[in-house]
Every structure is written in structure tokens, then in C-alpha cells.
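Have a look at the structure below, then the notes.
Throughout, read-outs are computed from the coordinates displayed, never taken from laboratory work. Computed from a prediction, not measured in an experiment: that's the story for all the values here. Methodologically, a virtual Cβ is constructed for each residue, glycine included, from the backbone with ideal geometry; neighbour enumeration extends over all protein chains shown.
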Amino acid sequence: MYINYVTKESYTGENINLLRKSGYEGEFITFKQAFEIGGVVPKGTKSVASLIRMINNDDPKKPYFKRFAVFHISQIEFNKEEKNDS
């Protein structure tokens, strides 16, 4: 299972294949999400995948795709209180 640590939503489509290739399973998080909940990505840590998300702009006929680097939750450092509260 491949889910987002913060939203608890499952990844879908091609993103599942990208995560599967990483060799990790379970929960993943973006740098921004980790920062927002008090987590730290240690310096030099490499993301496990670059996921794709469709973004709709003002013209629904011309959506664009944005890439997001994600980390496996085991790569993130938390204070014990912060991880337990999430």
C-alpha cells in the first residue's frame, strides 16, 4: 500500500509504479508536508520518487502536471510528540 502520511489518501495511477520502483512501501510525505508538521528531512537525504499531479488552472482544457519529490516516512526525523500527534 502506498499512502500519503498527512492526508491518508492512497496514491493512484502512474505514481504507484514510481513508488513501487523506490523499493519502499507504506507512507510517504513531501518536503513541505514534513516541514508543516514539524518533521525534518536530514541534509543530503534523497527523495525516493518524483510524483506527478495534475493541476487544473483557469482553462479546464489545458491542465498541467507538476512534479513533487516525496520521501518515505522512515527518512523523516520527528520529535516524538509531533509524530505521535499526527
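If I ask for residues that are of a type in the set (D, E, K, R) and either free of Cβ contacts under 8 Å to residues at least 24 places away in the same chain or touching a strand residue (DSSP E or B) at 6+ places or on another chain (Cβ under 6 Å) (or both), which ones from the stretch 15-35 would you list?
Arg20, Glu27, Lys32
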Reported set for the stretch 48-76 where residues are closer than 19 Å to Ser10 by Cβ and part of a loop (DSSP other than H, G, I, E, B) is Val48
Over the stretch 39-57, the set of residues within 14 Å of Phe28 (Cα to Cα) and of a type outside the set (Val, Ile, Thr) is Gly39, Lys46, Ser47, Ala49, Ser50, Leu51
If we keep only residues of the stretch 23-70 that are surrounded by fewer than 17 Cβ atoms within 10 Å (Cβ to Cβ) and aliphatic (A, V, I, L, M), then the residue nearest to the chain's Cα centre (by Cα) is Ala69
Flagged pairs (Cβ under 7 angstrom, 6 or more apart or on separate chains; first in the stretch 36-49, at positive phi; second part of a loop (DSSP other than H, G, I, E, B)) are Gly38/Phe78; Gly38/Asn79
